[in-house]
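Trainee: Please read through the structure below; I'll follow up with questions.
The values are calculated or read from the model by the stated rules, or taken from the named source; none is laboratory data. Since the model is a prediction, treat every value here as computed from it, not as a measurement. Cβ placement follows ideal geometry from the backbone for every residue including glycine, while neighbour counts extend to all protein chains displayed.
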């Protein structure tokens, strides 16, 4: 019998993958969302966390971007 899990496939560069892994590791055990790490740049995650991952990445980008003074 085949077991199927619904999820989202994420493909990114290594630093972004590490950021997502760190997000996952910061969660309590019952809220961890990474289903399987395929390699260093591809992962399979639970579908309900897609928007949370997007918003955390946007926050991270905003904190680490340079705005030229006017």
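Conditions (1) over 17 Å from residue 5 (Cα atoms); (2) loosely packed, with under 10 Cβ neighbours inside 10 Å; (3) without any contact (Cβ under 8 Å) to a residue 24 or more places away in the chain, marked per residue:
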residue	(1), (2), (3)
32	no, no, yes
35	no, no, no
47	no, no, no
59	yes, no, yes
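Trainee: Next question. Scan region 50-64 for residues that are closer than 20 Å to residue 14 by Cβ and either touching a helix residue (DSSP H, G or I) at 6+ places or on another chain (Cβ under 9 Å) or not in a helix (DSSP H, G or I) (or both) and report the count.
Mentor: Counting residues in region 50-64 that are closer than 20 Å to residue 14 by Cβ and either touching a helix residue (DSSP H, G or I) at 6+ places or on another chain (Cβ under 9 Å) or not in a helix (DSSP H, G or I) (or both) gives 5.
Trainee: Contact list please: Cβ distance under 8 Å, first residue in region 1-17 and more than 13 Å from residue 36 (Cβ to Cβ), second residue loosely packed, with under 10 Cβ neighbours inside 10 Å and at pLDDT 95 or above, pairs at least six apart or on different chains.
Mentor: none
Trainee: In region 13-23, which residues are surrounded by 15 or more Cβ atoms within 10 Å (Cβ to Cβ) and out of contact with any helix residue (DSSP H, G or I) (no Cβ under 9 Å at 6 or more places or on another chain)?
Mentor: Hit for region 13-23 is 17, nothing else.
Trainee: Another one. How many of the residues in region 1-49 are in a helix (DSSP H, G or I) and under 26 Å from residue 64 (Cβ atoms)?
Mentor: Total meeting the criteria: 15.
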